[in-house]
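To start, the structure itself, in structure tokens.
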Amino acid sequence: MSPDELGGNTTYILVRLAPGVDPEAVRREIRRRLPHNDVHTGPEWAAQSRRYWVESTGLGLNLAMTIFLGCLVGVVVVAQTLYASTMEHIKEFGTVKAIGGSNLDIYRILAEQAAISAVVGFLLGGTFSWLLRPALAKIDLKLIISPSFAAVVGVGTLILCLAAAMISFRKVARIDPRSRFSRLTPGLGEKTMSVLQAHDVTKVFQEGRESVSVLNGASLQVERGEVVALEGPSGSGKTTFLSILGCILTPTSGRIVIDGREVDPRRPDRLPAVRKGSIGFVFQQFNLFPALTALENVEYALNIKGRRGREARDEARRVLEEVGLADRLGFLPRDLSGGQKQRVAIARALAGDPPILLADEPTANLDSQVGGQVLEMFRGLARKENRALLIVTHDPKVRDIADRVVQIRDGRLAA
């Protein structure tokens, strides 16, 4: 074909080479015959087309702006969702802290939620783009959306979702594990003999410019195998005292000794480790995780204590069988009676074999018959397993199982 045979409206010519033909030789011959035309190989034409669409038409800028705005909206939606989830589960997160979990354990949950959101969002977007391939192919977007481009967008989505999760972190850091108790009035040192000791403990809260003294030199010792009932009117300071003994609060002054070691009040960051290793809590409101089965509730407490996999599951099954719930392992809390929920809460407190059990009004939400059964279980656990048990209560039936009854009034203890 000669140059004169090409019409004036010819835009480009596609030349298909026969097998064995040298592309460079063909290129030189075409340039000799058509010196005023560009000659490109397939890859060169693709690269030039990509530059044209991205740089010359403005499509690249529009695509980048679309991705940026989409990611921005996505981050806002993810952040809002994660924050709403945090607020919805604030009570559960408080329970996690009370049973020995730290902020890091909760941050891990939020990060996992963010990662799941990112993966699901990217998969949905990828599926939608795949379904639009025929339409995209007609406008040559296939030259722009490459596998490496998709990978960059996927990684970017994950990073942005994780960044969005950080919005909830500050709220998590402020969660107060004391909220898991029924009412609340606004490092490690040398070894000792008793498993639980408090010496001349005081606690002063600041309310505006005023100081409110809740505990005034409270002292208590509880031995292994002993059941102690702590009684007192509302506002007497018993829940605050229980929070200090459970290493949820630090005293203003005085000494706390847990399992033979003194707790350093100057290091509140070490309190979760003490709770995790030495203390089991039983709450008035049960505070079970509603989305987890009885077995999973106990197993999660063991996960916090560092035990995982089959070991944790077998241990959770064992303690649930010990409290008489072998036939309720797969039941959700909503499918359990009040007494059964309290038994799950007791099993969770027993998980990890802590030497100290602290119970806050454990029979308050139970009828007299079921409450009596729970108290008998408590006494058996203290005697048989040689655990120290302190029960904060208004229930006179607790006196029947207690070795000692201690009264607290105006922040002072009296036997």
remark   = Residues of the stretch 272-291 being outside any helix (DSSP H, G or I), more than 16 Å from the chain's Cα centre (by Cα) and either farther than 19 Å from Gly338 by Cβ or modelled with pLDDT of 85 or more (or both), in sequence order, are Ile279, Gly280, Phe281, Val282
remark   = Within the stretch 300-341, residues under 22 Å from Gln373 (Cβ atoms), loosely packed, with under 14 Cβ neighbours inside 10 Å and touching a Leu at 6+ places or on another chain (Cβ under 7 Å) come out as Ala326
Members of the stretch 227-261 that are under 20 Å from Ser278 (Cα atoms), of a type in the set (D, E, K, R) and either in contact with a Leu (Cβ under 7 Å, 6 or more places away or on another chain) or in a helix (DSSP H, G or I) (or both) = Arg261
note = Reported set for the stretch 292-329 where residues are more than 12 Å from Ala345 (Cα to Cα), touching an Asp or Glu at 6+ places or on another chain (Cβ under 9 Å) and among the hydrophobic types (A, V, I, L, M, F, W, C) is Leu292, Leu302, Ile304, Ala312, Leu329
task = Determine whether Ile244 is out of contact with any helix residue (DSSP H, G or I) (no Cβ under 6 Å at 6 or more places or on another chain), β-branched (Val, Ile, Thr) and at pLDDT 85 or above.
result = yes
inquiry  = Checking the condition more than 18 Å from Val96 (Cβ to Cβ) and of a type in the set (A, V, I, L, M, F, W, C), which residue from Ala291, Ala301, Ala326, Ala316 passes?
reply    = Ala326
inquiry  = So for the stretch 187-203 (the condition being modelled with pLDDT under 65, under 26 Å from the mean Cα position of the chain (by Cα) and closer than 30 Å to Gly260 by Cβ), does at least one residue qualify?
reply    = yes
request  = Name the residue, out of Pro396, Pro362, that is out of contact with any Ser or Thr (no Cβ under 7 Å at 6 or more places or on another chain) and under 19 Å from Phe283 (Cβ atoms).
outcome  = Pro362
query = From the set of residues in the stretch 219-241 that are at pLDDT 90 or above and touching a Ser or Thr at 6+ places or on another chain (Cβ under 9 Å), which is farthest from Gly101 (Cα to Cα)?
reply = Glu231
request  = Could you please tell me which pairs satisfy a Cβ distance under 9 Å, a separation of 6+ or placement on different chains, a first residue in the stretch 351-372 that is at positive phi, and a second residue that is in a strand (DSSP E or B) and not aromatic (Phe, Trp, Tyr)?
outcome  = Gly352/Gly280; Asp353/Gly280; Glu361/Ile391; Glu361/Val392
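The values are calculated or read from the model by the stated rules, or taken from the named source; none is laboratory data. Owing to the predicted nature of the structure, the values given are computational and were not obtained by experimental measurement. Reconstructed Cβ throughout: ideal geometry from the backbone, glycine too, with neighbour counts over all protein chains shown.
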